1. Evaluate the following for T9: is it surrounded by 21 or more Cβ atoms within 10 Å (Cβ to Cβ), β-branched (V, I, T) and within 19 Å of V131 (Cα to Cα)?
2. Quick check on the range 165-180. Is at least one of its residues touching a Lys or Arg at 6+ places or on another chain (Cβ under 8 Å) and part of a loop (DSSP other than H, G, I, E, B)?
3. Restrict the check to the range 145-168 and report whether at least one residue is buried (at least 23 other Cβ atoms within 10 Å of the Cβ) and on the phi > 0 side of the Ramachandran plot.
4. Could you check, for the range 36-46, whether at least one of its residues is of a type in the set (D, E) and in contact with a helix residue (DSSP H, G or I) (Cβ under 9 Å, 6 or more places away or on another chain)?
5. List every residue pair whose Cβ atoms sit under 7 Å apart, with the two residues 6 or more apart in sequence or on different chains, where the first one lies in the range 189-211 and is closer than 17 Å to A138 by Cα and assigned to a helix (DSSP H, G or I) and the second, anywhere, is modelled with pLDDT under 75 and not charged (D, E, K, R).
6. Failed condition for G129, given (1) buried (at least 16 other Cβ atoms within 10 Å of the Cβ); (2) within 24 Å of L105 (Cβ to Cβ); (3) touching a Gly at 6+ places or on another chain (Cβ under 9 Å), with all others met?
7. Go through T48, T96, T9, T33 for me and flag whichever is without any contact (Cβ under 8 Å) to a residue 40 or more places away in the chain and either more than 30 Å from G223 (Cα to Cα) or of a type in the set (V, I, T) (or both).
Amino acid sequence: MTPTHILITGGAGAIGGQLAGQFRRHHPDARITLVDLNAEALEHAANTHDAQAEVCDLTAIDALPAWWQSLVDRRGPVDVLINCAGIMDIISITGTGWEQGKRLLDINFTAPMRLMNLALPAMMEARNGCVINVASMAGRVPIRGCSYYGGAKAGIGLASEIARLDLKKQGVNVITVYPGPIHSGLESHARSQVKKGPVSRYIPTGKPEVLAERIYRTFGKGGARVIYPDIYALAKQVANLNLTNRAMDFFSPQPNQ
C-alpha cells in the first residue's frame, strides 16, 4: 500500500523515531503524526522527520475517542496505525502496586486496543490499511518482575495475531512485532531496576534502527510479524514448553524491589 497518513504512538522514543524516519524516507508525501506525552522530545522528533506532533496521555482511555475524531478532522483518516508507545517496569507483582500496574496495562494493552477500535472502521471501509502493534518477547516468556508488563504485552500480541486473521480479507494487514531488549529509554529504565549481574550485563540487545528497518520491510511485503534480535526467535519457538519456564526462572534478572 501507499500510505497517506501514518500515526505512530511513542513517537518521541527510540523505536518510534526510527520508524518515523523509515516511513518518511520511503513515503515523502505522506502525513506522519507522532504521538507522545513528552512534549519537548516529541517536538524534536517531529521536526526531524517532518511530522506533526500530538501530545496525548494515552492512559486517559475515555478521552481517546474525542481526541481521535479531532485528529481525523484536522489531519484526515489514518491508514497506518503503529502502536509503539510502551512503558516497562521490572518490579515484583506486590511491589508494583495497583496504580502503577493499571498504568502499565493501560499504556501497553488498553490504549492500543482502543486505538485499533477507532482506526479500523475507516480502513475497512476503504479496504486499505495496516496496523503495526509492538508487543514484546516479555509477553512470550515469563520474566521475573514483569507480571503487569508481560501480561499486557502477551495480551496485545495475541489480540494482534487474532486481528490479522479477522481482517486479512478486509484489505487491512496487521503486523505483530516481538522485540527483545532494544537500546532505548525504556530498556535503560528497565535495566536500572534489576540487580547487576551477568544476565543483565550480557543479555542480547538490539538496535532501534535495525528493528525499524525490519518492521518497514515487513510492512512492504505485507508480512505478519517481526522478531528481533534474531536469537529471540528461538524463545518464541519454545515459549509453550515447560523448559522455557524453568530456564527463565533461572536466567531472569532479580528486580531491586
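1. On the way: surrounded by 21 or more Cβ atoms within 10 Å (Cβ to Cβ): yes; β-branched (V, I, T): yes; within 19 Å of V131 (Cα to Cα): yes.
When the stated conditions are applied, T9 passes them.
2. Yes: the range 165-180 contains one or more residues that are touching a Lys or Arg at 6+ places or on another chain (Cβ under 8 Å) and part of a loop (DSSP other than H, G, I, E, B).
3. Checked against the condition, which is being buried (at least 23 other Cβ atoms within 10 Å of the Cβ) and on the phi > 0 side of the Ramachandran plot, the range 145-168 yields at least one hit.
4. Step one: filter the range 36-46 for residues of a type in the set (D, E), giving 36, 40, 43.
From the residues that got through so far, the ones that are in contact with a helix residue (DSSP H, G or I) (Cβ under 9 Å, 6 or more places away or on another chain) too are 36.
Within the range 36-46, one or more residues are of a type in the set (D, E) and in contact with a helix residue (DSSP H, G or I) (Cβ under 9 Å, 6 or more places away or on another chain).
5. Final answer for the pair search is R191/S200; V199/F251; V199/P253; S200/P253.
6. Condition (2) is where G129 drops out.
7. Exactly one of T48, T96, T9, T33 is without any contact (Cβ under 8 Å) to a residue 40 or more places away in the chain and either more than 30 Å from G223 (Cα to Cα) or of a type in the set (V, I, T) (or both), namely T48.
Here is a yes/no grid of residues against (1) among the aliphatic types (A, V, I, L, M); (2) within 22 Å of L37 (Cβ to Cβ); (3) touching a helix residue (DSSP H, G or I) at 6+ places or on another chain (Cβ under 8 Å):
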{"site": "E99", "(1), (2), (3)": "no, yes, no"}
{"site": "R114", "(1), (2), (3)": "no, yes, yes"}
{"site": "L118", "(1), (2), (3)": "yes, yes, yes"}
{"site": "A126", "(1), (2), (3)": "yes, no, no"}
{"site": "V134", "(1), (2), (3)": "yes, yes, yes"}
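The values are calculated or read from the model by the stated rules, or taken from the named source; none is laboratory data. Since the model is a prediction, treat every value here as computed from it, not as a measurement. Here Cβ is always computed from backbone atoms with ideal geometry, including for glycine, and neighbour counts include all displayed protein chains.
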